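The values are calculated or read from the model by the stated rules, or taken from the named source; none is laboratory data. It should be emphasised that the depicted structure is a prediction, and the values quoted were computed from it without experimental measurement. Don't worry about glycine lacking a Cβ; one is built from the backbone with ideal geometry, like all the others, and counts go over all protein chains shown. Quick note on the areas: whole protein, heavy atoms, side chains included, nothing else; ligands and nucleic acids left out. Shrake-Rupley method; radii C 1.70, N 1.55, O 1.52, S 1.80 Å.
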Amino acid sequence: MSDKEVKDLEKIFDQRIANDEKIEPRDWMPEKYRKTHIRQISQHAHSEIVGMLPEGNWITRAPSLRRKVALLAKVQDEAGHGLYLYSACETLGISREELYEQLHSGKAKYSSIFNYPTITWADIGAIGWLVDGAAIINQVPLCSTSFGPYARAMVRVCKEESFHQRQGFEIMMKLAKGTPEQKAMAQDALNRWWWPSLMMLGPTDSESVHTEQSMKWKLKRKTNDELRQQFIDQTVPQADLIGLTIPDQDLKFNEETGHYDFGEIDWDEFWQVVKGEGPCNKERLQTRVDAWENGAWVRDAAMAYAEKQENKKDDLKEAV
Amino acid sequence: MSDKEVKDLEKIFDQRIANDEKIEPRDWMPEKYRKTHIRQISQHAHSEIVGMLPEGNWITRAPSLRRKVALLAKVQDEAGHGLYLYSACETLGISREELYEQLHSGKAKYSSIFNYPTITWADIGAIGWLVDGAAIINQVPLCSTSFGPYARAMVRVCKEESFHQRQGFEIMMKLAKGTPEQKAMAQDALNRWWWPSLMMLGPTDSESVHTEQSMKWKLKRKTNDELRQQFIDQTVPQADLIGLTIPDQDLKFNEETGHYDFGEIDWDEFWQVVKGEGPCNKERLQTRVDAWENGAWVRDAAMAYAEKQENKKDDLKEAV
Amino acid sequence: MKNLKNYILQIADNNLILGQRLSELCGHGPSLETDIACTNIALDLLGQTRSYYQYAASLENDDVTEDDLAYQRTEREYKNVLLVEYPNKHFGYIIMRQFLFDVFHQLFLTELLSSKDEQLAAIARKGIKEANYHVSFSGDWIKRLGDGTQESHEKVQEALDALWSYTGELFDPSEYEKQLIEEGIAVNLEKIKPIYLERVSKLFAEATLTIPETKWFKKGGKQGVHTEHMGYILADLQYMQRTYPNMSW
Amino acid sequence: MKNLKNYILQIADNNLILGQRLSELCGHGPSLETDIACTNIALDLLGQTRSYYQYAASLENDDVTEDDLAYQRTEREYKNVLLVEYPNKHFGYIIMRQFLFDVFHQLFLTELLSSKDEQLAAIARKGIKEANYHVSFSGDWIKRLGDGTQESHEKVQEALDALWSYTGELFDPSEYEKQLIEEGIAVNLEKIKPIYLERVSKLFAEATLTIPETKWFKKGGKQGVHTEHMGYILADLQYMQRTYPNMSW
């Protein structure tokens, strides 16, 4: 294809996106669009899978049967989200194995929030409330993103995430209204998860790459800082409601802007965790690698068995 | 050597034993004596090592620091006993590796009692009181057995075992005088360990092989049934003292004999466990095999390092 | 009444402990799909567990809850069979443990449908569809592993060799169970045992696996004499309830 | 007084958790001799733990015992460094964790000898001989593994890569620690840090091992923010005291 032809296709492509048409896997797309989507969707899928681990850490120790079942179901939902998203990503011409390989080698990223440890039961509440809350704010705009399979996956994901977020908030509420020990446990979890949750919305706009292009492709509709402000404005009243205190002395409602002003984020910590030196980065990745490697013989067996069955069928046909 | 010469040596040898002289590793001994001793001493060593496992199971969960330290020290003593006994056995011309190989392949036996699980803290008390108690009864006569290294090892072992036995009894006493739950825990442990402890003294005389020969070599001074009676006579009053009930409806002091009559032992269970089908036989052996196999690279490293150091010394000498 | 309560606990404890074992796996499965499937089974088992404990709790005074029964007993009071305590050594053990339990569970629930105790029959009615799915899932995997690669064959045969001696206890009624069998409330284990043996033998033959010769079967769970694994399972399971007693979550 | 108590607990908790980790090994070591040696270290550490807790308990009211301090706190109240929680993945990790701690521990106790708090100085006096033995045991093994076979070199280097980032916390004083350093009670960590780095670097060089480049060190333990391993350690450690509260053993 000549440069001119490509330019023409790109023009049509851009126009389709501008018209809010969906791009489907078989449609022509610029290579950069494909690559960016593989990166973002897989990163999102990896986050679901790695995100199973901090919460999974409390399944065997959940404090009641009801909570145990709900948590188990929630973590399973995340596995399901991973599955949708890997499938969406595979439509762009990359295999699941390649995607895992990128995760396991450290080439692909996943959400840094999952590199913090879950050390009390209240962390399960805090993750549902804050982490899923921030995720929803990131994700709702993606329900109308330009790439069809991603947008459709996100519709399903967001529906379940909202449910998870309510569930997390309910855990926190129950603790906050419980015994003094329980309330302290809830406050402590909020203290530890608040700042990392704010960081989840991404680096501040001046540091953020990709934004303009992503806006055009509807991979992004608001800037990181706008999303962060939205998260804070939404969450602070919820904390007030259950009597917990946001661990930010500079937090204050600004009558003029109608938004909460807030304190400075420790971006050094952010980059430490992003660069692989957070509290659990090594463990999380190792856990995924171990699961994959220890499962190799199982996947091989399934493949070998399927082949044998296929051969049997063929033999049968020939015999007929 | 001619048959006649051997016969003569055997005569002298038998005489020495009859005179209560000690046989030392470099002395001439009949092949059967050597083999029997390798079998018995190694079996005894293996029992110490495997015996670390049921008690080791409670070290991380011991209910107080004092008990934790005492239990850890006790299990360590057993490792020490294993070490003495393997060393005694090695003087008979067999290597530690061969001995382990016999254990790991299932060729060598160890005391069946260690194939029962320790499922409550009281089991730690019961093992000290009953199992070490029965062991002492088995072992005290061995302090004056004919083979020198074995006899000397047993002197050290028995001293420590008596201490362990008192410690176990003290755990039981504390429980028996504790809360109703603690007393029930102690009684339950006694119920489960009583019969296996009686079986520890070996099959009943009519079923027992080796006895006559062992008597001659002072590997045995009393029959299994005599030892068992001694154990029962000694233990029943101890149970009475702390208010626990021996789980034997037929148990009764016989004024005529001056001994306790007791009920029938379930020899079917005995043979089940001896033949490898007790509750924990497979796990115990697997644990030992795993420890050995997982440690191979460590032992190899130590060897390789020692060789390198040796070579360096040689190089140095040559240079001088 | 005491017999009935013990019997319900015995059934429930199997589900609880097996569900707990399966939920240790969540996030660590050999593939996303098996991870999700094993979690599904865990969810089914724990759901049934709750129905049983709620029923058992209703037989006591009003203060007793499902969580008291799940979390507040000592090890010696749990009545599950030893099979379900077996650790997740590798996927071969997980699937073999599951299959050996699932075939039993399906037959058991089918019989429980006609229990004279209506509540138990109702729980069974809900559970049977789930059990049908479980046995087809684990059975399929037994075939894949048994007749897959040389390695998978050896691994799952190793699991069968280790686990088979735990199956006898499934059919060995406890004292209270015997009485309830007489009363038509509990499942008659003698009736389902031959069907069990036939079914598992058939599938193992298909999977090219060999049942080990076994003279002695392990037991004790129904009497609360568990394996050494049980204490560690309970240490985690009960952690929160023991550390923070009398709180609501 | 509160600072002192916290400081004592911080020291004691290191010993307790490392002792607990080592005692998991008892019966599972790579040889009888190493098994016995590791148990010895565990015994020394737990013995010291008791002295510290007894001292801390004496600062409270009469009802508080060493066992209350060891067993009755919640995870967030333990103040040990993260290093000592690291699991016994293989003997390379065990020995590396031990060596990285032992060198610190020896220097720490040497300084503690001149603490203005006489009781702490007395405990240090007793502990220092033990610590000398520990560091020589673990140091020897680091050399054997580092300069042994290719496999052992890789394994122990892997452990160093994983554990090095946990060493920063050893020298990062908590708030109460800082105040007690001012008062001449606590060990001045800045003073021993360069000696530590020199000693371990020298031995690692001898053992042909390379310290990984590390910009960020892990911390949190002194503030009670532990690794995810800690909950499981405590579930076992506290099992009996939590399940059977207020009893004497």
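For the reader, a short list of remarks on this structure follows.
- Long-range lysine pairs (8 or more apart or interchain), the range C:57-160, Cα under 29 Å: 12
- Rg/Rh for the range C:2-243 (Cα atoms only, Rh after Kirkwood) is 0.95.
- Note on the range C:60-193: Cα convex hull, mean projected area over all directions, 9.5 nm².
- Relative contact order (percent, whole number), the range C:2-243, Cα cutoff 8 Å, 6+ residue spacing: 26
- Between B:Lys74, B:Lys183, B:Lys32, the residue with the greatest mean-square fluctuation in the GNM of chain B (Cα pairs under 10 Å linked by springs) is B:Lys32.
- Candidate membrane-span-like segments in chain A, meaning DSSP H helices with Cα atoms spread over at least 18 Å of their own axis and a Kyte-Doolittle mean of -1.0 or above, are A:3-18, A:31-56, A:65-90, A:148-176, A:180-200, A:224-242, with no membrane implied.
- Phi to ³J(HN,Hα) by Karplus 6.51 cos²θ - 1.76 cosθ + 1.60 over the range C:214-224, Hz, x for Gly, Pro: 9, 8, 10, 9, 7, 8, x, x, 5, 9, x
- Think of a 1.4 Å ball rolled over the protein heavy atoms: chain C then has 36 Å² of accessible area per residue.
- When only Cα pairs below 8 angstrom with a gap of at least 6 residues are kept, chain B shows a relative contact order of 17 percent.
- Entry comment: accessible area of the range B:155-295 is 51 Å² per residue, from protein heavy atoms only and a probe of 1.4 Å.
- Divide the volume of the convex hull around the Cα atoms of the range D:1-93 by the residue count and you get 94 Å³ per residue.
- Comparing D:Ile142, D:Ile17, D:Ile181 in a Gaussian network model of chain D where C-alpha atoms under 10 Å apart are linked, the largest mean-square fluctuation is found at D:Ile181.
- Hits among lysines - C-alpha to C-alpha of B:Lys159 under 26 Å, sequence gap 8 or more where chains match: B:Lys22, B:Lys68, B:Lys74, B:Lys109, B:Lys174, B:Lys216, B:Lys218, B:Lys220, B:Lys222
- Amide hydrogen neighbours beyond the local backbone of B:Phe147, cut-off 5 Å, H modeled: B:Ile23
- Over all directions, the projected convex hull of the C-alpha atoms in chain A averages 22.2 nm² in area.
- Shape category assigned to the range C:46-124 from the gyration tensor of Cα positions, a/c cut at 1.5: oblate
- Cα gyration tensor, the range C:23-64 - rounded (a/c under 1.5), prolate or oblate: prolate
- The GluC sites (Glu not before Pro) of the range C:25-131 that meet both conditions, a loop assignment by DSSP and at most 15 other Cβ atoms within 10 Å of the site Cβ, are C:Glu60.
- Other copies of C:Thr210: label-to-label distances in nm, shortest first, labels 7 Å along the beta-carbon direction: 5.1
- Across identical copies of the chain, A:Ala18 has label-point separations of 11.8 nm, listed in ascending order, with the point defined 7 angstrom from Cα along Cα→Cβ.
- Summed over both chains, the contact between C and D buries some 900 Å² of accessible surface at a probe radius of 1.4 Å.
- Label-point gap, in nm, between C:Lys178 and C:Leu113 - each point 7 angstrom along Cα→Cβ: 3.0
- A label point on D:Lys116, set 7 Å along the Cα-to-Cβ line, lies at 8.2 nm from each of its counterparts in the other copies, closest listed first.
- At q = 0.04, 0.08 Å⁻¹, base-10 log of I(q)/I(0) for the protein assembly as shown (Debye sum, equal scatterers on each alpha carbon): -0.25, -1.00
- Within the protein assembly as shown, percent of DSSP bridges classed antiparallel, to nearest 5: 75
- Inter-chain neighbour count for D:30-38: the average number of beta-carbon atoms from partner chains within 10 Å of each residue's beta-carbon is 6.
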